[in-house]
Every structure is written in C-alpha cells, then in structure tokens.
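The values are calculated or read from the model by the stated rules, or taken from the named source; none is laboratory data. Because the structure is a prediction, the values reported are computed rather than measured. When we count neighbours, we look across all protein chains shown, and the Cβ atoms used for this are built from the backbone with ideal geometry, even at glycine. Ligands, DNA and RNA are excluded from the accessible area calculation, which covers all protein heavy atoms including side chains. Shrake-Rupley method; radii C 1.70, N 1.55, O 1.52, S 1.80 Å.
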Amino acid sequence: MAAQPAATEGVQLTPGVTFTGDGGLDQLEGVDGTVIATFWRPIQYETSAGPIAGRMDCRAAAGWSPFSAALFALGNVHEAQVSRLSTRGLTEIEREAQDGDQVRQLDVTMRGNGPLRYEVLTYIAVRTGDDIVSIRRNCVFPRRSGVTKVDYRRLARMHTDFTVVLPPPASPLAQNAPTLETLVEIPL
C-alpha cells in the first residue's frame with residue numbers, strides 16, 4: 001500500500017456537493033434514492049509496542065430542503081440525534097463548531113465500546129437562495145486498546161473532503177424559529 005499512491009476520487013452526493021477521499025470510495029443508493037458515499041482507508045496507530053495497522057470507514061450524504069433556522073442550528077440538529085447515538089453505545093468526548101452566515105460546520109467526536117471505536121460525526125449546513133443543503137459525514141475508527149491519543153477529527157479531514165459549488169444566498173436569513181419537528185435526518 002505504501003508503494004502505491006492513493007488516488008483521490010469523488011462521488012456527487014447532490015447537485016453542487018461532491019465527496020472526495022484518498023482511499024476506497026464507492027457510491028450507494030439509500031432507501032429514498034439518496035446518494036450515499038462510502039469510504040475506507042488503512043491507517044497506522046502508534047502503541048507503546050510500536051505501530052499497528054488500523055482503518056477508517058466513512059459514509060457521507062447530502063440533501064436539499066427549504067431553508068429553516070432549525071436545520072441551520074447544527075447544535076440542535078445533533079442534540080436531536082443524541083438518544084439514537086446513545087443506544088448505539090456512543091458517548092460524546094469532544095465538539096468543534098464553526099459558525100457563519102452562509103456555512104456552518106459541527107464536528108462531534110464520540111467513543112463507543114463493544115467493540116472499542118471512535119466516531120467523528122460531521123454536520124455541515126450551507127445556505128443558498130431560499131434553500132439549505134445539509135451535508136453529513138460519519139467516520140468510524142475501530143481500534144484496540146493500547147493506542148496512544150489520536151486526533152480522529154484531523155484524520156477525517158485529512159483523508160476526506162467536500163467540494164461545494166453552490167450559489168450564494170439572495171436574501172437575508174429566514175426568521176423561522178427552530179423546532180424539533182422540523183429537523184430532518186439524512187440516513188447514513
């Protein structure tokens with residue numbers, strides 16, 4: 001694997017949004033016709049006994065919907081998923097948000113047991129015109145004990161990315177009040 005450079009590939013998730021990764025990338029179709037990109041890549045972890053092999057597995061999806069403040073409030077979008085994530089045995093350990101008037105991103109790092117794994121959930125919201133494009137990425141890092149501290153968010157950003165080519169919004173932000181009833185989950 002080290003002797004062969006990994007080719008960067010891309011999957012168009014929705015018009016204007018492409019998921020890229022330097023590893024194995026495939027395109028699937030969700031139940032509702034949503035395009036889902038799957039990605040895997042071998043990675044190397046450091047332990048006290050020396051390096052060991054590992055991998056990362058990611059899924060990404062995107063979808064358009066009419067703009068709502070609820071979908072643009074990514075902290076609330078994540079909070080609506082917490083009970084589902086908890087039933088999967090995941091516990092939040094770190095969160096990083098980048099807020100803007102047109103683009104917002106929230107990365108949540110979680111730890112799971114049985115089997116031991118770390119997951120990085122990425123929520124991105126892009127406002128364009130009267131619409132919003134919701135982008136999701138979920139990267140899983142299965143591992144065993146003895147691995148030293150790893151920045152999983154950095155690994156997800158280093159090996160995968162999104163290319164977003166969308167028109168800028170033509171009007172000020174909508175004044176819709178966020179409610180849990182208006183939250184939409186893109187299946188990953």
* Does the range 45-57 include one or more residues that are touching a helix residue (DSSP H, G or I) at 6+ places or on another chain (Cβ under 7 Å) and modelled with pLDDT of 90 or more? -> yes
* Asked: So which residues in the range 133-154 are among the basic types (Lys, Arg) and assigned to a strand (DSSP E or B)?
  -> Arg136, Arg137
* Give Thr109, Thr160, Thr91 a once-over and let me know the one that is closer than 23 Å to Ile43 by Cβ and touching an Asp or Glu at 6+ places or on another chain (Cβ under 6 Å). => Thr109
* Given Leu71, Leu25, Leu85, which one is over 21 Å from Val133 (Cα atoms), open to solvent by less than 20 Å² (accessible area, probe 1.4 Å) and outside any strand (DSSP E or B)? -> Leu85
* For the range 75-87, enumerate the residues that are over 22 Å from Phe162 (Cα atoms) and touching a residue at least 60 places away in the same chain (Cβ under 8 Å). => Asn76, Ala80, Gln81
* Structure fact -> Contact list, first residue from the range 106-131 and over 25 Å from Thr87 (Cβ atoms) and open to solvent by 20 Å² or more (accessible area, probe 1.4 Å), second anywhere and modelled with pLDDT under 95 and not in a loop (DSSP other than H, G, I, E, B), beta-carbon distance below 9 Å, six or more apart or interchain, is Asp130/Pro66; Asp131/Trp64; Asp131/Ser65; Asp131/Pro66
* **Filter result (open to solvent by less than 30 Å² (accessible area, probe 1.4 Å) and without any contact (Cβ under 8 Å) to a residue 24 or more places away in the chain) within the range 88-105** => Gly100
* Structure fact -> When (1) modelled with pLDDT under 70; (2) surrounded by fewer than 16 Cβ atoms within 10 Å (Cβ to Cβ); (3) in contact with a strand residue (DSSP E or B) (Cβ under 9 Å, 6 or more places away or on another chain) are applied to Ile186, the one that fails is (2)
* Asked: Is it the case that some residue within the range 86-94 is among the basic types (Lys, Arg), touching a strand residue (DSSP E or B) at 6+ places or on another chain (Cβ under 6 Å) and at pLDDT below 95?
  -> no
* Could you check, for the range 3-11, whether at least one of its residues is surrounded by 13 or more Cβ atoms within 10 Å (Cβ to Cβ) and among the small types (Gly, Ala, Ser)? => yes
* Is it true that some residue in the range 99-116 is out of contact with any strand residue (DSSP E or B) (no Cβ under 6 Å at 6 or more places or on another chain), among the acidic types (Asp, Glu), modelled with pLDDT under 90 and farther than 16 Å from Ala69 by Cβ? -> no
* Across the range 132-183, which residue is surrounded by the fewest Cβ atoms within 10 Å (Cβ to Cβ) among those that are of a type in the set (Ser, Thr, Tyr) and at pLDDT below 90? -> Ser145
* Asked: Here are some residues: Tyr45, Tyr118, Tyr123. Which one is over 17 Å from the mean Cα position of the chain (by Cα) and either among the small types (Gly, Ala, Ser) or part of a strand (DSSP E or B) (or both)?
  -> Tyr45
